Amino acid sequence: MMKLWMVTSLELAELFVSAMVHLLYAFYIFSTAVAGDISKNVNEYFFKSNVDVNDYDQSQSNVEGLPPIVLVHGIFGFGKGRLGGLSYFAGAEKKDERVLVPDLGSLTSIYDRARELFYYLKGGRVDFGEEHSEACGHSRFGRDYGQGQYPEWDEDHPIHFVGHSAGAQVVRVLQQMLADKAFEGFEETNENWVLSVTSLSGAFNGTTRTYLDGMRTEDGISMKPISLLQLCRIGVIMYDWLDISWLKTYYSFGFDHFNMSWKKTGLRGLVDCLVGNTGPFATGDWILPDLTIQGSTSLNSNLQTFPNTYYFSYATKRTRRIMGMTIPSGVLGIHPMLFLRVFQMSQWRFPQDVSPPYKGYRDEEWQENDGAMNTISMTHPRLPVEHPSRFIRSDSECQTLQPGIWYYKIVEADHITFIVNRERAGVQFDLIYDSIFQRCRKHVFRKIPQTLPNQSPRAPRSPR
């Protein structure tokens with residue numbers, strides 16, 4: 001009895017510390033965004049812009065022949081237009097002339113985010129699919145993206161994708177949907193609409209952190225009754241139910257299609273969501289079940305690595321092996337929000353009374369991590385079957401790439417080194433993103449000549 005009491009006390013203390021650290025970081029991000037907006041508005045009020053419209057038009061015309069590079073954020077992330085002028089990718093989008101940064105649901109499922117990403121690019125109203133929407137208890141249709149950011153998108157005008165964390169898996173699911181012609185009214189789609197996929201700390205095979213945060217190891221779907229994720233669930237439900245317009249314009253979890261607002265459900269709707277009768281947490285249509293090892297394995301069973309697409313992955317870690325033990329590789333180099341999780345993940349053991357998540361599972365292989373993802377999970381898709389891959393030590397080994405193979409490199413960094421705060425990564429930030437954009441522009445191409453948008457690849461050029 002005494003032992004049980006001590007264990008429970010330690011768990012509650014760890015929960016309190018984790019909750020406080022995450023809340024403080026969220027407050028830091030929010031206050032930074034607000035401060036940036038105030039500063040920007042003051043500058044715009046007192047100083048008029050000197051941008052020449054003709055120069056802007058000229059720069060736009062110079063990039064029309066380039067395929068866009070689309071940066072896809074991860075869990076709790078945000079795109080352009082959210083959190084004021086704050087950049088999820090810490091300004092990396094400014095390194096190239098044609099970069100798009102979509103704002104997708106920060107906690108919505110991989111499936112829902114992939115559907116949203118398609119319509120963000122191609123245009124039109126988001127269609128989550130009749131069968132999926134009915135099964136998950138939400139509206140079939142979502143936001144209307146009008147003409148889209150790249151309406152000419154097709155096989156002759158493919159796109160480069162760069163995904164951070166869960167964003168990498170979103171891109172893989174989108175490419176599979178394109179191959180399966182899963183978008184009603186767009187029967188001409190195929191996997192070749194995607195020219196390249198670059199993963200930055202990508203969530204390919206799940207993470208043991210989900211269990212530390214509160215997902216049950218038994219099934220990878222349900223949550224423990226007392227956990228960090230339960231606190232998160234309550235906070236998200238209250239945030240969406242209160243539906244404060246200016247606040248949701250500033251930041252959104254992406255659950256509008258579940259219609260949880262008090263305006264639509266009233267007090268009864270709030271109670272139903274909180275007790276688990278309705279909403280994304282009741283049906284499992286949110287991102288955490290997709291990030292467990294079981295959930296990722298299930299998702300991967302339907303995903304392919306395609307022969308005409310180029311794949312590259314940066315796997316991050318902040319651990320090292322000493323005398324057969326895995327420990328954090330330092331203190332100063334790890335973000336305070338992640339240090340505890342780096343340590344806990346490096347000591348992770350799957351419960352002995354629970355069946356392992358897959359045949360051949362070994363705890364030691366999952367102990368190297370970056371505080372959010374296990375390094376083994378970030379290199380390339382491995383579960384349920386391993387996809388073609390090649391380990392590289394230097395980006396120079398990728399001058400001549402072959403499609404259909406996951407080239408991966410292991411980088412010393414934690415999970416958020418290359419996002420939000422550019423100063424943390426230092427020179428490594430420029431090295432990583434410069435290599436990504438240079439690879440997209442100089443070393444990744446199809447054998448057929450690249451054509452301008454809205455120009456047929458078979459049409460002869462008019463003589464000069």
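The values are calculated or read from the model by the stated rules, or taken from the named source; none is laboratory data. Being a predicted model, the structure only gives us computed values, none of them experimental. FYI the Cβ positions are ideal-geometry reconstructions off the backbone, even for glycines, and counts take in every protein chain you see. Ligands, DNA and RNA are excluded from the accessible area calculation, which covers all protein heavy atoms including side chains. Shrake-Rupley method; radii C 1.70, N 1.55, O 1.52, S 1.80 Å.
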Long-range HN-HN contacts of T316 with modeled amide H, under 5 Å: S201, V411
Amide H contacts of W406 (H built 1.01 Å from N, under 5 Å, at least 5 apart or other chain): S389, R390
Percent RCO, i.e. relative contact order, over the range 371-445, from Cα pairs under 8 Å lying at least 6 residues apart: 29
Ordering of 223-230, 330-337 by burial proxy (mean other Cβ atoms within 10 Å per residue, highest first): 223-230, 330-337
Estimated [θ] at 222 nm from DSSP helical runs (n ≥ 4, -39500 (n - 2.57)) normalised by residues in the chain, nearest 500: -11500 deg cm²/dmol
Rounded to whole Hz, the Karplus (6.51, -1.76, 1.60) HN-Hα couplings of the range 81-89, x for glycine and proline: x, 9, 6, x, x, 5, 10, 4, 8
Nearest-ten-degree value, helix 2-46 long axis tilted from longest Cα axis of the chain: 30
C-alpha long axis of helix 110-122 to longest principal axis of the chain, angle in °: 20
Under 26 Å from the Cα of K181 - lysines, other chains or at least 8 residues apart: K122, K447
Neighbourhood net charge (11 Å Cβ-Cβ; Lys/Arg +1, Asp/Glu -1) for F306: 0
Alpha-carbon centroids, the range 334-370 and the range 97-160: separation in whole Å: 33
Protection-proxy order for peptides 314-326, 110-122, 194-206, each taking the mean of Cβ atoms within 10 Å per residue, highest first: 194-206, 110-122, 314-326
Carbon/sulfur fraction of accessible area - the chain, other protein chains in place, 1.4 Å, %: 57
Structure-derived Cα extents along the principal axes in Å - corresponding label in (1) 118, 49, 40; (2) 72, 54, 48; (3) 89, 55, 50: (3)
The range 276-411 - percent relative contact order, Cα under 8 Å, separation 6 or more: 33
Residues with amide H under 5 Å from that of V70, placed H, sequence gap 5 or more: L100, H160, F161, V162
Where the chain is the region considered: accessible area per residue in Å², 1.4 Å probe: 49
Relative contact order of the chain, defined on C-alpha pairs under 8 angstrom at six or more residues apart (%): 17
Electrostatic dipole magnitude of the chain [Cβ: Lys, Arg +1; Asp, Glu -1; Cα centre; debye, to 20]: 820
Principal-axis tilt of helix 262-274 within the chain, Cα atoms, nearest 10 degrees: 40
Backbone HN-Hα couplings from phi across the range 216-227 [Karplus 6.51/-1.76/1.60, Hz, Gly and Pro as x]: 6, 5, 5, 10, x, 10, 8, 10, 5, x, 10, 6
For the range 291-306, 3J(HN,Hα) per residue [Karplus equation, 6.51 cos²θ - 1.76 cosθ + 1.60, θ = phi - 60°, Hz, x = Gly/Pro]: 9, 6, 5, 5, x, 5, 4, 5, 5, 5, 4, 10, 10, 10, 9, 8
